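Shown next, in structure tokens, is the structure this report addresses.
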Amino acid sequence: MPVPGARTTFNGSPMKSTAINRNSMFSSAQAWYVWGCVAAFYLYEMILRVSPSIMIHGLMKDFDVSSTSLGVLSSFYYFAYVPLQIPCGIIVDRLGTRKVVTFSALLCTIGALLFAESSHLPLAQFGRFLIGAGSACAFLSCLKVTAEWFPLSQFSLIAGLTTMMGTLGGTFGGRPLAMLVTAHGWRSTTTYMGLAGIVVTILCWIVIRDSPPLKQNNKKPVSNKLRKRDLFSELGTLVKNRQVWLIAIFGGLMYVPISAFTELWGVPYLMQIYGINSELASTASIMVFIGMAIGSSTASWFTDYYKSHLVVMKLSAISASICFISIVFAAHFPLWFTFSLLFGGGFCIGGQVLCFTCVKQNAPKEMSATAIGFTNAVVMMGGLIFQPLLGYILDLGWDGGITAEGVRHYTNLAYQVSIIAIPCCLLVSWLLLRFVRETYTVQD
């Protein structure tokens, strides 16, 4: 409530207080604008990441490639994304969120346009590589903006909203994008995404600021040499930590259903098994992403209920493996039931998010950020390895059949033998947890 007579005070302090309140309100609005812009870029890069899954037949036809080559083409995203995960924190701290996100959006835009216009496979691979490089700092930049612009009490909320934006990107990269591909072809659709990237790039440069005005004057320069020394020292310590490796590999194996199935081979598998078009089959990715979003959000609740990280991760791994073993035999189920299994599998995979908490607990406190970056790099290696591997297994089972469009035709059995690698990964992740220490404490 305003103080009576406040506007007539001589020293003007009440007026100053009003100005501060107005500035605080403006800063709060600006914080949401900045976060919204970075989160929009995260959503955009997720669409680009998953887009090959609904373009498979067009890509195989235009580039005249086998499933193995197509898997390698898609995985070029991860060839750039994975190595950049560890230094991403230093890159963002050193250059600032505005420059990094704007340049990253520009890389994704150029990559998308190159991919759309490529007539030769190496150029398409380079386009995917640029998209991966541009995407590497997206999620971390969202967390950086959250830490800089919002109160600590809101960090979990904004981090959850950030994860939701990524889920929306994966969802839009399903059926809505498949409808565009059906109507306009994969090249035109990718060109449209590249043009959308130009808009995102411009908005990032205009809207994003590195930190609120009141914080800008309090920043202290950090020695670049010190950053390099600390990075290599911390990496050396983490590489020698057996627990960090076990948990990171667990996270990577648990993420294979996303990186290999949802992002690439799930749509053609369902198209073959059920004889449906890509638009309907792409609903699979939507179900997995929605399930994972809910599962990730509730993982901490289950952890508190069982008072254990390990119990929840074990339940997640074994439950997800059951869902995906069932999906291997999807031909025996109605389509709606398979979609339900995909939602359930995504929900169970949500427990994978706890691997970051466990790694943080197993690493020294001053190395927590590096440990998380290292773990995310290992997690994302699943796409680099298993996207080509599943394609290779498909090619091993190819019986020589060719479709009317001149694309290789794979039998139901060939797809089933390939897809069974996914529940095998989940079962191995469950076995690995036998050697992982419990990290749950009451303070969690």
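The values are calculated or read from the model by the stated rules, or taken from the named source; none is laboratory data. This one's a predicted model, so the numbers in the text were calculated from it and none came from an experiment. Please note: Cβ atoms are built from the backbone with ideal geometry, for glycine as well, and neighbour counts cover all protein chains shown. Only protein heavy atoms, including side chains, enter the accessible area calculation; ligands, DNA and RNA are left aside. Shrake-Rupley method; radii C 1.70, N 1.55, O 1.52, S 1.80 Å.
How many of the residues in the range 261-280 are open to solvent by 10 Å² or more (accessible area, probe 1.4 Å), hydrophobic (A, V, I, L, M, F, W, C) and more than 14 Å from residue 172 (Cα to Cα)?
In the first step, residues of the range 261-280 are kept if they are open to solvent by 10 Å² or more (accessible area, probe 1.4 Å); the result is 271-280.
Among the residues that remain, those that are also hydrophobic (A, V, I, L, M, F, W, C) are: 271, 273, 276, 280.
Retained after the next criterion (residues that are more than 14 Å from residue 172 (Cα to Cα)): 271, 273, 276.
Of the residues in that region, 3 qualify.
Could you tell me whether residue 434 is open to solvent by 60 Å² or more (accessible area, probe 1.4 Å), closer than 30 Å to residue 283 by Cα and among the basic types (Lys, Arg)? Walk me through it before giving the result.
Working: open to solvent by 60 Å² or more (accessible area, probe 1.4 Å): yes; closer than 30 Å to residue 283 by Cα: no; among the basic types (Lys, Arg): yes.
So residue 434 does not fit the description; no.
Which condition does residue 287 not pass, out of (1) open to solvent by 10 Å² or more (accessible area, probe 1.4 Å); (2) under 17 Å from residue 421 (Cβ atoms), if it passes all the others?
Unmet condition: (2).
Before we move on, is residue 359 among the β-branched types (Val, Ile, Thr), touching a residue at least 24 places away in the same chain (Cβ under 8 Å), open to solvent by 20 Å² or more (accessible area, probe 1.4 Å) and under 30 Å from residue 72 (Cβ atoms)? Give the derivation first.
Details: among the β-branched types (Val, Ile, Thr): yes; touching a residue at least 24 places away in the same chain (Cβ under 8 Å): yes; open to solvent by 20 Å² or more (accessible area, probe 1.4 Å): no; under 30 Å from residue 72 (Cβ atoms): yes.
No.
Just one of (1) open to solvent by 40 Å² or more (accessible area, probe 1.4 Å); (2) closer than 29 Å to residue 138 by Cβ; (3) of a type in the set (S, T, N, Q) trips up residue 412, so point out which.
(2)
What residue, of 228, 307, is open to solvent by 40 Å² or more (accessible area, probe 1.4 Å), modelled with pLDDT under 90, of a type in the set (Lys, Arg) and over 25 Å from the mean Cα position of the chain (by Cα)? Spell out the reasoning first.
On the way: 307 fails: modelled with pLDDT under 90.
One residue alone meets the criteria, 228.
Consider residue 76 against the criteria (1) surrounded by fewer than 22 Cβ atoms within 10 Å (Cβ to Cβ); (2) touching a Lys or Arg at 6+ places or on another chain (Cβ under 7 Å); (3) modelled with pLDDT of 90 or more: it satisfies all of them except one. Which criterion is unmet?
Among (1) surrounded by fewer than 22 Cβ atoms within 10 Å (Cβ to Cβ); (2) touching a Lys or Arg at 6+ places or on another chain (Cβ under 7 Å); (3) modelled with pLDDT of 90 or more, residue 76 violates only (1).
Show the residue pairs that are 6+ apart or on different chains and have beta-carbon atoms under 6 Å apart, the first residue being within the range 410-428 and touching a residue at least 12 places away in the same chain (Cβ under 8 Å) and among the aromatic types (Phe, Trp, Tyr), the second being buried (at least 21 other Cβ atoms within 10 Å of the Cβ) and not in a helix (DSSP H, G or I).
Going by the 6 Å Cβ cut-off, there are no qualifying pairs.
Could you tell me whether residue 247 is at pLDDT 90 or above and surrounded by 21 or more Cβ atoms within 10 Å (Cβ to Cβ)?
Numbers: at pLDDT 90 or above: yes; surrounded by 21 or more Cβ atoms within 10 Å (Cβ to Cβ): yes.
It is true that residue 247 is at pLDDT 90 or above and surrounded by 21 or more Cβ atoms within 10 Å (Cβ to Cβ).
Return the total of residues in the range 166-214 being on the phi < 0 side of the Ramachandran plot, open to solvent by less than 40 Å² (accessible area, probe 1.4 Å) and at pLDDT 85 or above. Step through it out loud before you land on a result.
Initial filter on the range 166-214 (on the phi < 0 side of the Ramachandran plot): 166-184, 186-214.
Subsequent filtering for residues that are open to solvent by less than 40 Å² (accessible area, probe 1.4 Å) retains 166-167, 169-171, 173-174, 177-178, 181, 186, 189-191, 193-194, 197, 200-201, 204, 208, 211-212.
Next, from what is left, pick out any that are at pLDDT 85 or above: 169, 177-178, 181, 186, 189-191, 193-194, 197, 200-201, 204, 208.
The number of residues fulfilling the criteria is 15.
Only residues that are at pLDDT 95 or above, of a type in the set (Gly, Ala, Ser) and surrounded by 21 or more Cβ atoms within 10 Å (Cβ to Cβ): list them for the range 317-344, please.
317, 320, 321, 344
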